[in-house]
């Protein structure tokens, strides 16, 4: 950026010109024109304003990942935006390892696809967690098996569904995961020389840390480039009332699965009796057939009920609600 003169420096310069100390013609001859090089192989199709707006969008996306992925992984997940840049597609694909997790996403209603790249160590950690492990990555990466790839595809699909809300202020999207590739050679969605924007997110799952890269080709984003600026973004943001927020939270809570059990009764027997149990043996409980059963929601006694059957299955009919004060 050129130096900006203060008012005192401007006054001194005008005084020097009027007194003849400085010749204006000589200044014209010595002044060099600043020329900025333009690389036709890497045209600047994404401005800093575009990249900044993309960072805002994916900061929102990162918050959604941090709150939704722990539901499936049962582990704390932290996601933050690292940076964004504009490069060619060949530079992006050449930097990818093999194997890699590449989700090809149809960015409907926009033309073309985008790509979501997840670090292999995060993928193996998710697989380990989904299969009942501690969420530890492999010491040395290898190819994904068919079962592992199916689990990874499910996790990537969850991430893709979360893209709708962050883009709502720009466009009503319906992103669909088309496929997951582990070899970069099979994920050539555009020409190698095409410009793309890369938004890099840092994902930390417990002690495992890795990067997630979102590849957004200019070909796909071209029709909405005028909307990728912070002025448009903040002008179209819809403020949600507290009432709408409470309704949203209530709707989410209604879809949470809760374990419920009906306890017929309790009994105590010796280990010897337990080891010698045979079909037809009777264990005496501490409750009568006519007594009401206790219904537990999680580990909390919440209802009483009577046993019965419905459509060929065991069932209970709730007779009373146990309040907290009881």
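The values are calculated or read from the model by the stated rules, or taken from the named source; none is laboratory data. Here the structure is a predicted model, which means the values were calculated and not measured. We place every Cβ from the backbone using ideal geometry, glycine too, and count neighbours over all the protein chains shown.
Please go through region 116-128 and give me each residue that is part of a helix (DSSP H, G or I) and either crowded, with 20+ Cβ neighbours inside 10 Å or without any contact (Cβ under 8 Å) to a residue 24 or more places away in the chain (or both), ordered by number. It would help to see each step written out before you state the result.
The first filter runs over region 116-128 and keeps only residues part of a helix (DSSP H, G or I), leaving 120-128.
Answer for region 116-128, where residues must be part of a helix (DSSP H, G or I) and either crowded, with 20+ Cβ neighbours inside 10 Å or without any contact (Cβ under 8 Å) to a residue 24 or more places away in the chain (or both): 120, 122, 123, 124, 125, 126, 127, 128.
Here are some residues: 254, 301, 323, 317. Which one is at pLDDT below 85 and more than 25 Å from the chain's Cα centre (by Cα)? The conditions single out 323.
Per the conditions (1) closer than 20 Å to residue 100 by Cβ; (2) in contact with a helix residue (DSSP H, G or I) (Cβ under 8 Å, 6 or more places away or on another chain); (3) free of Cβ contacts under 8 Å to residues at least 40 places away in the same chain, the sole criterion not satisfied by residue 131 is (1).
Can you name the residue in region 1-22 that is in a loop (DSSP other than H, G, I, E, B) and surrounded by 11 or more Cβ atoms within 10 Å (Cβ to Cβ) and, of all such residues, is modelled with the lowest pLDDT? I'd like the intermediate steps shown before the answer.
Residues of region 1-22 in a loop (DSSP other than H, G, I, E, B): 1-6, 20-22.
Of the ones still in play, those that are also surrounded by 11 or more Cβ atoms within 10 Å (Cβ to Cβ) are 5, 22.
Details: 5: 62, 22: 69.
Filtering first and then ranking leaves 5.
Considering only region 269-313, state which residues are outside any strand (DSSP E or B) and within 23 Å of residue 258 (Cβ to Cβ). Even if it seems obvious, please write down each step before you answer.
The initial filter retains those residues of region 269-313 that are outside any strand (DSSP E or B), namely 269-292, 298-299, 311-312.
Matches in region 269-313: 292, 298, 299, 311.
When residue 320 is tested against the conditions (1) surrounded by fewer than 10 Cβ atoms within 10 Å (Cβ to Cβ); (2) touching a strand residue (DSSP E or B) at 6+ places or on another chain (Cβ under 9 Å); (3) without any contact (Cβ under 8 Å) to a residue 40 or more places away in the chain, the lone failure is (1).
For residue 213, indicate whether it is within 19 Å of residue 76 (Cα to Cα), in a strand (DSSP E or B), touching a residue at least 40 places away in the same chain (Cβ under 8 Å) and assigned by TED's automatic domain parsing to the domain that holds residue 86. Even if it seems obvious, please write down each step before you answer.
Values: within 19 Å of residue 76 (Cα to Cα): no; in a strand (DSSP E or B): yes; touching a residue at least 40 places away in the same chain (Cβ under 8 Å): yes; assigned by TED's automatic domain parsing to the domain that holds residue 86: yes.
No; evaluated as a whole, the condition is false for this residue.
Residues in region 147-166: is at least one surrounded by fewer than 18 Cβ atoms within 10 Å (Cβ to Cβ), under 18 Å from residue 54 (Cβ atoms) and in the same structural domain as residue 73 (by TED's automatic domain parsing)? There is at least one residue in region 147-166 that is surrounded by fewer than 18 Cβ atoms within 10 Å (Cβ to Cβ), under 18 Å from residue 54 (Cβ atoms) and in the same structural domain as residue 73 (by TED's automatic domain parsing).
Under 21 Å from residue 80 (Cβ atoms) and in a loop (DSSP other than H, G, I, E, B) - does that describe any residue in region 145-159? Outline the logic, then answer.
Here is the first cut: in region 145-159, the ones under 21 Å from residue 80 (Cβ atoms) are 155-156, 158-159.
Applying the additional criterion that residues be in a loop (DSSP other than H, G, I, E, B) yields none.
Looking for residues that are under 21 Å from residue 80 (Cβ atoms) and in a loop (DSSP other than H, G, I, E, B), one finds none in region 145-159, hence no.
Checking the condition under 24 Å from residue 155 (Cβ atoms) and modelled with pLDDT under 85, which residue from 43, 99 passes?
Working: 43 fails: under 24 Å from residue 155 (Cβ atoms).
Going through 43, 99 in turn, just one is under 24 Å from residue 155 (Cβ atoms) and modelled with pLDDT under 85: 99.
If the condition is being out of contact with any helix residue (DSSP H, G or I) (no Cβ under 8 Å at 6 or more places or on another chain) and either crowded, with 22+ Cβ neighbours inside 10 Å or not in a strand (DSSP E or B) (or both), then region 79-114 contributes 89, 90, 91, 92, 94, 95, 109.
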